[in-house]
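Below you'll find the structure, written out as structure tokens, and then a few comments.
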Amino acid sequence: MRIRLQSSAIGFKKLLRSTSITILLVGCSSASSNSIQNKEKPSESPTAIELAVTHTPQVNNVTFLTMSVHVEGWKGENKNPEKFDRHAKIILDVAHEAHNAGAIFSFELSSEFAISSGAKGVVDELLSLGHAIEVHADVGGVGTPSFERLAEQLSTKFRQIHSLGVTPILVSGICSRGPFVEAALSAGYLMTTGVVEYCLTSLDDVYHPEGWNIDDCPSPSECHGNPGFSLSQKATPWYTTSSRSWTVPETDADFLIVIGESGATIKCLAEDDARSSGCEYNTKDIDKYAQLAESYVLHGEQSSEGRCCVFSTTISIGESPPEGFISDLLGSVSLLVDNGRAVWQTPQQVYERSTERKN
């Protein structure tokens, strides 16, 4: 059964036609109001992301649009074909709706979904629609796991997706007090999205944002908000090799950090507090999505940084979005795409452009 949309009697499309897109210079609400202060490594420079890149004007500053779909595991679905089929139908409905709207999504699979007997057929259909298949790990959030433990878990999940005929490049859901960057690299991944405030707990004290207290961040569920990056930092991916200093860009590194609108899924974009429970899909989320997309595109058109800009967002499934929500969400940015100011891309394409413009 579809979830009823929480909105006024005005339909999505009618409302969107009457809504002007405005520039929004801040992201979604955060569990922390502190902005990240990118502090210099003791033996390295520069001191901030904006100064860590070569400012060479780019002719083509089209903004890349990405949507990470976290395919949350349904308990026991790998042993219950009927339960898996119900989950798969939701996933495929979203995939077809996105495809019909001209979008490319990154479907990031949980282990429970990936090891189900019907997963291969679903993956093949997703690929036939042009979507990407990646990994949603959801590991590392308890205690301070060792490198060996994290690497083992992430390697297992890599192999699960590889057995479905796909070589993943991206892993989400890895924020940890442990060495999540090093473990992800060891397991074969090259990038991550969905970075939330809990990722800051792996940093050495010298890189903690000013006024930020690690004791206020005890778990991913209690510390799941936006980390507090500036628009420039959110829109411009950077590379790192270390969980202890991942907020400071490195020139000779291979693991790509893509921030975007992390800390809130699509249905929570219009919420005042990312920590609040009970977020519901509604027209305000679509309005906020369109505003954010416009702000990223405008920033990219004014930026001389070659890796800018990537507008990365997340939807969690789980539950089914309301009927027509995906189409209306994507329709809110269709003019940006039609006018050549933005383009839908896979994680692989994002990584390739960032690598090409790395130096």
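Just a few scattered comments:
- Those helices (runs of 4 or more DSSP H) of the stretch 98-188 in which at least 1 residues are touching a residue at least 40 places away in the same chain (Cβ under 8 Å) and among the acidic types (Asp, Glu), considering only elements entirely within it, cover 119-128, 180-187.
- Contacts under 8 angstrom Cβ, first residue in the stretch 249-264 being under 26 Å from Ala290 (Cβ atoms), partner among the aromatic types (Phe, Trp, Tyr) and at pLDDT below 95, 6 or more apart: Ile259/Phe229
- On the stretch given as the stretch 59-91, residues that are surrounded by fewer than 16 Cβ atoms within 10 Å (Cβ to Cβ), touching a residue at least 24 places away in the same chain (Cβ under 8 Å) and part of a helix (DSSP H, G or I) total 2.
- Total residues in the stretch 147-166 satisfying the condition of being surrounded by 15 or more Cβ atoms within 10 Å (Cβ to Cβ) and under 21 Å from His87 (Cα atoms): the figure is 5.
- Taken over the stretch 177-193, the criterion of being surrounded by fewer than 24 Cβ atoms within 10 Å (Cβ to Cβ) and among the hydroxyl-bearing types (Ser, Thr, Tyr) is satisfied by Ser186 alone.
- Residue within the stretch 295-312 that is within 15 Å of Ala103 (Cβ to Cβ) and touching an Asp or Glu at 6+ places or on another chain (Cβ under 6 Å) present: no
- Filter result for Thr144 (among the β-branched types (Val, Ile, Thr) and surrounded by fewer than 16 Cβ atoms within 10 Å (Cβ to Cβ)): yes
- Selected residue (criterion: farthest from the chain's Cα centre (by Cα)) from residues of the stretch 116-133 that are surrounded by fewer than 16 Cβ atoms within 10 Å (Cβ to Cβ) and of a type in the set (Ser, Thr, Tyr): Ser117
- Going through (1) over 22 Å from Pro347 (Cα atoms); (2) at pLDDT 95 or above one by one, Pro220 falls short only on (2).
- Test: residue in the stretch 294-311 that is within 28 Å of Ser111 (Cβ to Cβ) and in contact with a strand residue (DSSP E or B) (Cβ under 9 Å, 6 or more places away or on another chain): yes
The values are calculated or read from the model by the stated rules, or taken from the named source; none is laboratory data. Nothing here was measured: the structure is a model prediction, and the numbers come from that model. For neighbour counting, all protein chains shown are included, and Cβ atoms are generated from backbone atoms with ideal geometry for every residue, glycine included.
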